[in-house]
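The values are calculated or read from the model by the stated rules, or taken from the named source; none is laboratory data. Bear in mind the structure is a predicted one, so any value in this text is a computation, not a measurement. Positions of Cβ are backbone-derived with ideal geometry, glycine not excepted, and every protein chain shown enters the neighbour counts. Protein only, heavy atoms only, side chains kept; ligands, DNA and RNA dropped before computing areas. Shrake-Rupley method; radii C 1.70, N 1.55, O 1.52, S 1.80 Å.
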Amino acid sequence: QVQLVESGGGLVQPGGPLRLSCAASGIVFCAYAMGWYRQAPGKQRELGARITISGRLNYADSEKGRFTISRGNAKNTVYLQMNSLKPEDTAVYYCTVALGGEDYWGQGTQVTVSS
């Protein structure tokens, strides 16, 4: 059974950092690309960052230069380091993996950027 559990969200002031974690179980973690999506209030869920099994990285334009995705295969965990946060980064952040033609999602973690 595939399970993804996000953590690390919270309230942060503009300009501050935050690191999200996503612990995966039920999969051979090192064999799959992992991604972070986010969904702001009233908007569609959108891809934020993705990391392949070889470590190739992709970012949404809004996150380039501020966010860094990484993976710890020994811990079955994918991370999203977010720096220079802006109020428009406020969203629920979801971890995702695609396998067997199906997308799996975590429950999401809320990130609120506000003074």
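Which residue pairs have Cβ atoms under 9 Å apart, sit 6 or more places apart or on different chains, and have a first residue in segment 14-39 that is without any contact (Cβ under 8 Å) to a residue 24 or more places away in the chain and a second that is open to solvent by 10 Å² or more (accessible area, probe 1.4 Å) and assigned to a strand (DSSP E or B)?
So the pair list comes out as 31/99.
Okay, residues lined up against (1) open to solvent by 50 Å² or more (accessible area, probe 1.4 Å); (2) closer than 28 Å to residue 14 by Cβ:
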position: 36; (1), (2): no, yes
position: 48; (1), (2): no, yes
position: 52; (1), (2): no, no
position: 66; (1), (2): no, yes
position: 72; (1), (2): no, no
position: 75; (1), (2): yes, no
position: 85; (1), (2): no, yes
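Within segment 40-58, work out how many residues are part of a strand (DSSP E or B), over 17 Å from residue 90 (Cα atoms) and without any contact (Cβ under 8 Å) to a residue 24 or more places away in the chain. If you could, list the steps in order and put the result at the bottom.
Initial filter on segment 40-58 (part of a strand (DSSP E or B)): 46-51, 57-58.
Next, only the ones that are over 17 Å from residue 90 (Cα atoms) stay: 50-51, 57-58.
The next check asks that each one be without any contact (Cβ under 8 Å) to a residue 24 or more places away in the chain; those that pass are 50, 57-58.
So the count comes out to 3.
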